There are 2 protein chains.
Amino acid sequence: MDGDGIGEPVKGDTRRKPAAPDGGREDGVRRRNVARILKAATTLFSRKGFEGTRIAEIAEAAGLPKANVYYYFSSKEDVYDAVIKRLIGDWDAALAHITPDADPRRALEGYVRAKLEHARKHGEESRVFASEIIGGARFLSRKDRQHMRDVTRTHAATIDGWIAAGKLRPVDPRHLLIMLWGMTQFYADFEILACDALEQPKLRRGDFDVAARTIVDTVLSSLVPQQGSQ
Amino acid sequence: MDGDGIGEPVKGDTRRKPAAPDGGREDGVRRRNVARILKAATTLFSRKGFEGTRIAEIAEAAGLPKANVYYYFSSKEDVYDAVIKRLIGDWDAALAHITPDADPRRALEGYVRAKLEHARKHGEESRVFASEIIGGARFLSRKDRQHMRDVTRTHAATIDGWIAAGKLRPVDPRHLLIMLWGMTQFYADFEILACDALEQPKLRRGDFDVAARTIVDTVLSSLVPQQGSQ
DNA sequence: TTAAAATCTGACCAAATGGTCAGAAAAACA
DNA sequence: TGTTTTTCTGACCATTTGGTCAGATTTTAA
């Protein structure tokens, strides 16, 4: 579920040359360059935000002349949009663990661990997304936001179902999702604070393991009825 | 504990005129204008980040000509620094609830509620701080970071003390603090996501109450020995 | 009233930045 | 091989922006 969808036909390809040589399956050059640009852009956007990032920087980091970036993307916003688009997939990939007939504890633990794993491996992407939200979601399409809302609603319903079935103690499902999201997100977005708090120069896999265990032990164990189920 | 320290002698006042008329107690004009500038700056920085905010905007929002902003601050970074400085105080104000001889449940609940209250009332400030951290804490002084580390260490020790005294179930205190910080922070920094998740146009006091109750009910109740002990 | 200090401001500027473009290479195709 | 399409790029430009400054205005001190 790690969606490596790098290089999908980018929105504003170019107006000068219609591009997209053979339908949709790009060969090599285009795909490779677009991927390079997006990778460099992700790193830079995560560090310096949208306004703080110069396309000249992106170009340099991607090993291309600036004008070449404009060959593939029509504007800086176009590059940013492409970066954001890749993130939405990650948003609910982790949530896929939460299904109606799954065991609540297993499902939520799976979600937490997937979320933390994502935080560990894709901190930069996460931070771009976080900045975008903090800044007012100015570039997030209405469609994408609606999608996130829908996903939340679906999973809230699932959790409500668990509660109704007596598989979970009563809890506001939406706030529960926010709690889990917030806790796990912290390790990616505020990695610096987490490092300071843990007094470590860098978060290692072991730290994420402890984090997962702590979250699971405290949050989940209080929600899943102890006696009956495992 | 809401520290209204607006208008303290700002770092780079001006080099042209030494300023600070009578020692430290500013009369009116300076204090008022500095306060206006910082307020406008906070709003704008929270929405558009450091690079995205133009000092001309700040000036306009503060109702002053741009050059006047430069009379009080030596540079854009100087303004930003002043805004950041005000936030550090908030950082541990909420943490003041956590003291060694307090009742763990009361203390942690107090912390959570104070944190959420802060999120509710000072979302903008919180978002500036969040952006700063996400962007790599480029403008946060070493002293301030050390301070935050120290505060965390102190409170982690307090929590460890509670555990040793059998007043709290064993838990990694640092991760616990991160959890609480992350959950509560979410409502401020990612207010947009929280609104979407709760399907509300705006977070109202009631939402924060439910949030507090949910956090307390799930996290804290699993940590504080209910009757006998663990 | 007068001198000095503090505050204010319009006009200005050098540098940086997003974006353009004409035409050169390089591939793909016939 | 010739031609068409795609890719690449140096040079260029209009605009924006952080920051400056000299002098005007107001406030405080004597």
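Quick notes on this structure:
- For first residues located in segment B:43-63 and without any contact (Cβ under 8 Å) to a residue 40 or more places away in the chain and under 19 Å from A:R47 (Cβ atoms), partners that are among the polar types (S, T, N, Q) and away from DNA strand D (no atom under 13 Å from the Cβ) and lie 6+ apart or on another chain with Cβ distances below 9 Å form the pairs B:E51/A:T53.
- Given (1) out of contact with any helix residue (DSSP H, G or I) (no Cβ under 9 Å at 6 or more places or on another chain); (2) under 30 Å from A:P225 (Cβ atoms), index of the condition A:G89 fails: (2)
- Odd one out for B:D189, checked against (1) charged (D, E, K, R); (2) buried (at least 23 other Cβ atoms within 10 Å of the Cβ); (3) on the phi > 0 side of the Ramachandran plot: (3)
- Check on B:T218, of a type in the set (V, I, T) and facing chain A (nearest Cβ under 10 Å): yes
- Number of positions in segment B:47-81 that are part of a loop (DSSP other than H, G, I, E, B) and within 12 Å of chain A (Cβ to nearest Cβ): 2
- When the test is whether a residue is among the charged types (D, E, K, R), farther than 27 Å from B:A119 by Cβ and buried (at least 17 other Cβ atoms within 10 Å of the Cβ), A:K85 passes it.
- Of the residues making up segment B:159-181, those that are more than 10 Å from every other protein chain (Cβ to nearest Cβ), surrounded by fewer than 22 Cβ atoms within 10 Å (Cβ to Cβ) and either of a type in the set (G, A, S) or closer than 19 Å to A:L193 by Cβ (or both) are B:G161, B:A164, B:A165, B:G166.
- Residue within segment A:66-80 that is more than 16 Å from DNA strand D (Cβ to nearest atom) and either at pLDDT 95 or above or in contact with a strand residue (DSSP E or B) (Cβ under 9 Å, 6 or more places away or on another chain) (or both) present: yes
- Only listed residue being among the small types (G, A, S) and in contact (Cβ under 8 Å) with a residue 24 or more places away in the chain, chosen from A:A107, A:A102, A:A130, A:A156: A:A130
- For segment A:49-92, the set of residues classified as of a type outside the set (A, V, I, L, M, F, W, C) and more than 10 Å from DNA strand C (Cβ to nearest atom) consists of A:G49, A:E60, A:G63, A:Y72, A:D81, A:K85, A:R86, A:G89, A:D90, A:D92, listed by residue number.
The values are calculated or read from the model by the stated rules, or taken from the named source; none is laboratory data. Computed from a predicted model, the values in this text were never measured in an experiment. Quick reminder, even Gly has a Cβ in these numbers, built from the backbone with ideal geometry, and neighbours come from all protein chains shown.
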